[in-house]
Amino acid sequence: MAPRKGELTEEEKQLVAVISKGNVQEAVTLLGSKDVRINCLDEHGMTPLMHAAYKGKVEMCNLLLQHGADVNCNEHEHGYTALMFACLSGKKEIVWMMLEAGADTDVVNSVGRTAAQMAAFVGQHDCVTVINNFFPREKLDYYTKPQGLSKEPKLPVKLAGPLHKIITTTNLHPVKIVFLIKENPLLLEPEALKKCSAVLDLICEKCMKQRDMNEILAMKMHYISCIFQKCSSYPPEHTLEPLIKSLLKGRDGDCFPIYQEKFIRESIRKFPYCEATLLQQLVRSIAPVEIGSDPTAFSVLTQAITGQVGFVDAEFCTTCGEKGADKRCSVCKLVIYCGQDCQKLHWFTHKKVCKILKEKREKQELEAAKEKKRQEKLAEKELRSVESSEVPEKVGGENEACKEKEPETPTEGDRATEETVTSASAVETITDPDPQEGAGQ
Ligand SMILES: [Zn+2]
Ligand SMILES: [Zn+2]
């Protein structure tokens, strides 16, 4: 019999309490009791799994799922699911775990919000990213079986694993995707690349034509398909090196990767469903931007697909777009990478601007130091003038008063100075953000 709301046994009450504390050992013991039903409901219709998800207890969620907790139980008074509670907790591991356990992403709560929309609403953008990029393996495996009259499956079984890894990636940088393709020799065959591309197009079509249309996933599949397509036009013996170089090659002067920008823009434009809202949004954001200016097509696309807001280039590897890059070019100290391999790969093009960047940075630092000194002197002077104004009026005389007046009223020049100093000192102290951006404003 299905559990009724609010009819918890003593042990079940204990379990809920133990979950909040996160005591896994005690939970294991309680789950062994015959008086504990895994999907019991408290007075609000919350299951133990919902409690664990809401409290952000990763291990506890894992344990409950292992014990057969129903991930899609939908008895909560406001229609919240375990996935929604996971989103509220902001723990993306739990969100992922729920999805792997088969959580339905289309269910809405009593005010009509899906889990992803709820996560976005409460600012848990990493959770939105996880949901938007989740694609169950079974859905891909469908293409590894011959359908209809054909004897051959659309996707050879051996390609399903490596392709699945690529389509669930949250880093959409074209170089990163080429890395992932390169990683697996099976994928490098032109035939394999073409098959993957064709399957991705089919998934894209399905996403657009199904009842719950998913434009985000459709766009992602299409974009990755374009990269596979591009890869298939390169002879396999060079293992895509020439393509990577083309994607990284920067233009003279500022090293902006023109080809990469054009490739991403072109891929978006080729999206076959021109009536799609997402496509129109993307085109509207990208079209007015001159190539080489911000935002880049990559950042616009990433933001649309992963739901990342406040996308800052500085945190991401210049070569492959991996998040959390923290290695700096030791010469210019202005470009960051996720590791040495990426730095080496980028050097052929970065070396043309590295020295210029270095000089620029040094000049900025020098000026910042000068301005700092000037500011200190000014402050000292001001202090003295304050002290002297405390002295009886007559002592200074008219001349002196005039001289003192100057530093007291801040002129345009002074204000500008102040700004330069704050932004320039930010360059020195903050390690991550793009220093150029800070100084440029
Ligand atoms: Zn990298
Ligand atoms: Zn450099």
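The values are calculated or read from the model by the stated rules, or taken from the named source; none is laboratory data. What you are looking at is a predicted structure, and each value in this text was computed from that prediction instead of being measured. All Cβ positions, even for glycine, are placed from backbone atoms using ideal geometry, and neighbour counts span all protein chains on display.
Looking at (1) closer than 19 Å to THR349 by Cα; (2) in a helix (DSSP H, G or I), which is the one condition that is false for GLY250?
(2)
Of the numbered conditions (1) within 16 Å of ligand 2 (Cβ to nearest atom); (2) among the charged types (D, E, K, R); (3) at pLDDT below 90, ASP294 fails exactly one; give the number of that condition.
Condition (1) is where ASP294 drops out.
Give the residues of the stretch 256-296 that are over 22 Å from the mean Cα position of the chain (by Cα) and loosely packed, with under 12 Cβ neighbours inside 10 Å, sorted by residue number.
The answer is CYS274, GLU275, ALA287, PRO288, GLU290.
Restricting attention to the stretch 337-354, which residues are in contact (Cβ under 8 Å) with a residue 24 or more places away in the chain and either within 25 Å of the chain's Cα centre (by Cα) or within 8 Å of ligand 2 (Cβ to nearest atom) (or both)?
Listed by number, the residues that qualify are CYS342, GLN343, LEU345, HIS346, HIS350, VAL353, CYS354.
Looking only at the stretch 25-71, which residues are basic (Lys, Arg), farther than 24 Å from LYS92 by Cα and touching a residue at least 12 places away in the same chain (Cβ under 8 Å)?
The answer is ARG37, and nothing else.
State all residues of the stretch 325-350 that are more than 9 Å from ligand 1 (Cβ to nearest atom), of a type outside the set (A, V, I, L, M, F, W, C) and exposed (fewer than 14 other Cβ atoms within 10 Å of the Cβ); if no residue qualifies, say none.
Those that are more than 9 Å from ligand 1 (Cβ to nearest atom), of a type outside the set (A, V, I, L, M, F, W, C) and exposed (fewer than 14 other Cβ atoms within 10 Å of the Cβ): ASP326, SER330, GLN340, LYS344.
So is LEU357 within 9 Å of ligand 2 (Cβ to nearest atom), assigned to a helix (DSSP H, G or I) and in contact with a Leu (Cβ under 7 Å, 6 or more places away or on another chain) or not?
Spelling it out, LEU357 is indeed within 9 Å of ligand 2 (Cβ to nearest atom), assigned to a helix (DSSP H, G or I) and in contact with a Leu (Cβ under 7 Å, 6 or more places away or on another chain).
Please go through the stretch 324-335 and give me each residue that is assigned to a strand (DSSP E or B) and either closer than 14 Å to GLU362 by Cβ or in contact with a Ser or Thr (Cβ under 6 Å, 6 or more places away or on another chain) (or both), ordered by number.
Scanning the stretch 324-335 gives no hits.
Would you call LYS165 surrounded by fewer than 20 Cβ atoms within 10 Å (Cβ to Cβ), part of a helix (DSSP H, G or I) and within 22 Å of the chain's Cα centre (by Cα)?
Judged against the criteria, LYS165 is a match.
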